[in-house]
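Written out below as structure tokens is the structure these notes cover.
The values are calculated or read from the model by the stated rules, or taken from the named source; none is laboratory data. Predicted model only: the values in this text are computed from it and were never measured. Every residue, glycine among them, receives a Cβ derived from its backbone with ideal geometry; neighbour counts consider all protein chains shown.
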Amino acid sequence: MSPVPHLYTLTGNLLAERTLEFTDWEPGRTQRAVGEVFHTRGKGINVSNMLTRLGAPNTALFFAGGAPGAESEAWLRRRGIAFQAFATQAPSRTGTVIWSGARPETTFLGPDVAPDAAALTACAAWLDGVPAGQVLALCGSFPGWAGAAFAPVRGAIERWLQRGVVVADAYGPPLAWLAHYPLTLVKINRQEFDAFAPPAAPGIPLPERLRQIRAAHPVRNWIVTDGAASIWLAPQSGEPLEFQPPRLKEVSPTGSGDVFLACLLQAHCQQGRSLPDAIRHALPYAAANAAHPGVADFPLPLAH
């Protein structure tokens, strides 16, 4: 039996997130929170968090600096999430979530923080040292991606493609670059898909647009999510397939796409399930996340 491949998530825009809970709040007033909690976030971190809860072998890779970076690393240690951090001179990005049962969840994000050249060089060298046959998931935004400082990481990804699997849940400049390579999978939400591949004319159905994007790029499989709406798969061969997520009362959709990706990767890359079967497996987990506050904090195992 072949060894189970290890999953590596690479987060380009770490978030040191503090959630403040209020009974109620109003703009323009000073208000005292009734609760406070810290989390380390970022798309790849969320994916690794879920993978760890599932018992799937994985390592979170990210760039971290300053006090926010140190606090983020400490949180991961407490959660038992395996990680490798690449030190940056600039402090990591921070964010604040305002939570109240009386009002919609509101998130304030600090400015993006691009990794410096030394951190990117260290990351590239680390990636080059990973044995063949493993899975690399590129997750979220990567500030500074198109600049010269990112060249070592871009080169390391090209080399990884020669010896392992690369998947992406990214958008903007990283996706524009990655789409020119034979990635095993790109998972993208509908808004990001529309920005990346706008319809040539109004009214073109999504399945036809998926056929067009598959023909235009060497990416083997495309998955487009759309919140609680249908998920579409454009497989390497065959016609686009539609999947319906379970219907649950939504509490907080934050991170549900990351939970979906984690469960999909475990099922497809580590358990050998087909992509359609892996999608069906992952959908109840994403729905459970949306029906529960937080990210990847819902009770396990799921009730079936």
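Here is how the numbers come out for the structure above:
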quantity	calculated
Candidates A278, A287 - the one that is part of a helix (DSSP H, G or I), closer than 30 Å to P205 by Cβ, at pLDDT below 95 and under 19 Å from the mean Cα position of the chain (by Cα)	A287
Qualifying residues in region 243-259 (those that are part of a helix (DSSP H, G or I) and in contact with a Lys or Arg (Cβ under 8 Å, 6 or more places away or on another chain)) - the one surrounded by the most Cβ atoms within 10 Å (Cβ to Cβ)	D258
Residue within region 219-232 that is surrounded by fewer than 16 Cβ atoms within 10 Å (Cβ to Cβ), out of contact with any strand residue (DSSP E or B) (no Cβ under 9 Å at 6 or more places or on another chain) and either without any contact (Cβ under 8 Å) to a residue 24 or more places away in the chain or more than 30 Å from P284 (Cβ to Cβ) (or both) present	no
Matching residues in region 4-24 - criterion: being within 16 Å of V97 (Cβ to Cβ) and either part of a strand (DSSP E or B) or over 16 Å from the mean Cα position of the chain (by Cα) (or both)	L15, A16, E17, R18, T19, L20, E21, F22, T23, D24
Residue match in region 87-97 (condition: under 22 Å from the mean Cα position of the chain (by Cα), among the aliphatic types (A, V, I, L, M) and modelled with pLDDT under 95)	yes
Set A200, A215: member being hydrophobic (A, V, I, L, M, F, W, C) and part of a loop (DSSP other than H, G, I, E, B)	A200
Residue in region 41-52 that is part of a helix (DSSP H, G or I), over 20 Å from L300 (Cα atoms), in contact with a Gly (Cβ under 9 Å, 6 or more places away or on another chain) and not charged (D, E, K, R) present	yes
Test: V34 is closer than 24 Å to W160 by Cβ, modelled with pLDDT of 95 or more and of a type in the set (V, I, T)	no
Single match in C139, C123 (criterion: buried (at least 16 other Cβ atoms within 10 Å of the Cβ), touching a Gly at 6+ places or on another chain (Cβ under 6 Å), in contact (Cβ under 8 Å) with a residue 12 or more places away in the chain and hydrophobic (A, V, I, L, M, F, W, C))	C139
